[in-house]
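Shown next, in structure tokens, is the structure this report addresses.
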There are 2 protein chains.
Amino acid sequence: MPQNKTIEPRPVMGKLSVLRKHPIFCDLDAEAFEQLGRYAKSATLKRGATIFSKGDPGNSLIAVVSGTVKISISSPDGRNAILNLIGPGEIFGEVAVLDGQARTADAIANSNCEIVVIDRREFLPFVKSQPALAMKFIELLCTRLRWTSGQVEEVILQDLPGRLASALLRLTERRKASQDSRTIAVTQQEISEMVGMSRESINKQLRAWASRNWVRLEHGAIVVLNAASLQEIAGSGAEDD
Amino acid sequence: MPQNKTIEPRPVMGKLSVLRKHPIFCDLDAEAFEQLGRYAKSATLKRGATIFSKGDPGNSLIAVVSGTVKISISSPDGRNAILNLIGPGEIFGEVAVLDGQARTADAIANSNCEIVVIDRREFLPFVKSQPALAMKFIELLCTRLRWTSGQVEEVILQDLPGRLASALLRLTERRKASQDSRTIAVTQQEISEMVGMSRESINKQLRAWASRNWVRLEHGAIVVLNAASLQEIAGSGAEDD
DNA sequence: CGGCGCGTGTGAAGCAGATCATACGGGTTG
DNA sequence: CAACCCGTATGATCTGCTTCACACGCGCCG
């Protein structure tokens, strides 16, 4: 990794390696991938920057190089819900790109971010020219659909402890690939918006678990110590404190 | 439409016309469609019959010819949630067929049904041989994803009146294609499971609206009289009775 | 280094919706 | 036609979660 204080020698190349590793693109042959690279533009964002908003035309597919992006929606009365957090190496915004409809949620940089943007107009013909790629997208969409269905299930059937446990487990799962598993760098406020319950309630539940050593609370982070117990609570309408 | 009391002269043919009209298959050329027809088997189900259960391997894509199918999940403690109702001319079960994973929900005949079943083993190679078909499935999956995301949004951000209004509007929307719009043939119990709230609460809200002539309640059905007002309540955290 | 903003921690009070109990009509089935 | 089941209707109570109100520690920045 070269420094990025100076002007980068290979502006997009380094960032494309992230794309290269993504399940969607990893099987592309070198030539096709190079073509893809020509469509890509990179950008740097400050925390809080809006990438797109609900209702915008969906003109681009975005890949996260570093940092995390928050996919969320907000209601007129100020409440808002986090649907997903997108980390390095992941992509988002594919639905609007693929079907040409408006975006269904907001995307906001949750930390300083580097992203790679691929324009729909160039990308869509590219996908059609690569049948294998279409199948990959089908798989991606299926995965998303399973995830989202799971959320509906959770929100409708489970109570606060169940939902919170599920959310924590999902977040650790996600980070499994990276180095320090079990430590989740999110604020309680963020978790409350992911789970759809008030920050205070989340805090109380977390403290209850902390006193049992199921989790440890740090400033701006949560460490899962006893995943098994959480699993049990997440799995069913189980008994709890 | 011939009678179906006697043995049908063309067992699958008549039912395939339903497939033929579906957006996914309508653009297939005659030859390909005929091939598809050879993969299809039809079946008749009694109300309450299980088509598949959560966790089953996803071996088939199903199209509904007549009747409606309920896609639902249930928690160990007896509560259950209806994720979707599939009516005549619609298909379901595509996620498990496309990605080969287990089913994420149960499918149960909500009335006596005729269905057409297409086996994954034959269907998947067929899809791969028809690039246009893959794109159609991408569109279908995108639509599903938008729908499901909308559900998450609704469940997290809206209260009972909002969710109920949204559900009613969605159901009338769905029936727009068929003859008698505005009359929704569902029990209040079913609606409560779609919305994720208790039957009693649903009933009270519906009666409140009935007294304003926004809806009319019949036995096993609800008639939407004032869609505009419901739209307003569904659209935002609006005021209400 | 003192202030200010953000993330956290806690209790009191209020409320939306769940649960419980009970009743009634209509349709079907022995 | 009587018994029963299902769907609807409605009030009383109960409760999980929200809201509000406030306090504390930490890190950042003028």
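Annotations
- Compactness index (Cα Rg / 2.2 N^0.38 Å), the stretch A:56-96: 1.30
- Over chain A: helical MRE at 222 nm, DSSP H runs n ≥ 4 each giving -39500 (n - 2.57), nearest 500: -14000 deg cm²/dmol
- For A:S53, the shell of other residues with beta-carbons less than 14 Å away shows a net charge of +1, using +1 for Lys and Arg and -1 for Asp and Glu.
- Global geometry of the protein assembly as shown, whether rounded, prolate or oblate, following the gyration tensor of its Cα atoms and the 1.5 cut on a/c: oblate
- Residue-averaged beta-carbon neighbours from other chains (10 angstrom radius) around A:98-107: 3
- Inter-copy separations for A:S74, label at 7 Å along Cα-Cβ, nm, ascending: 4.2
- Starting from the label point of A:G48 at 7 Å along Cα→Cβ, the same points in the other copies fall at 6.0 nm, in ascending order.
- A:S66/A:D159 FRET efficiency (R0 35 Å; Cβ-Cβ; nearest 0.05): 0.45
- The mean number of partner chain beta-carbon atoms within 10 angstrom of a residue's beta-carbon across peptide A:193-201 is 1.
- Helix A:131-157 vs. chain A, principal-axis angle (Cα, 0 to 90°, nearest 10): 20
- The charge dipole of chain B, taken about its Cα centre with unit charges on the Cβ atoms of Lys, Arg (+1), Asp and Glu (-1) only, comes to about 600 debye.
- What separates the A:E34 label point from its copies, with the point 7 Å along Cα to Cβ, is 4.5 nm, written shortest first.
- Förster radius 25 Å - calculated FRET efficiency between A:R79 and A:A49, Cβ distance, rounded to 0.05: 0.70
- Within the straight-line cut-off of under 17 Å between alpha carbons, the aspartates and glutamates reachable from B:K46 are B:D106, B:E114, sequence neighbours fewer than 8 places apart in one chain being disregarded.
- Estimated inter-spin distance, A:T183 and B:L225, nm [label 7 Å along Cα→Cβ]: 6.3
- Look at the stretch A:133-141: the mean tally of other chain Cβ atoms within 10 Å of its residues' Cβ atoms is 6.
- Measuring against 21 Å, Cα to Cα, the residue pairs A:K15/A:K54; A:K136/B:K128; B:K70/B:K136; A:K15/A:K41 contain A:K15/A:K54; B:K70/B:K136 as the ones spanning a longer distance.
- Axis angle, to the nearest 10 degrees, between helix B:160-175 and the longest C-alpha principal axis of chain B: 40 degrees.
Each value in this text was obtained by applying a stated rule to the coordinates, not by laboratory testing. A quick note: this is a predicted structure, and the numbers were derived from the prediction, not measured. Reconstructed Cβ throughout: ideal geometry from the backbone, glycine too, with neighbour counts over all protein chains shown.
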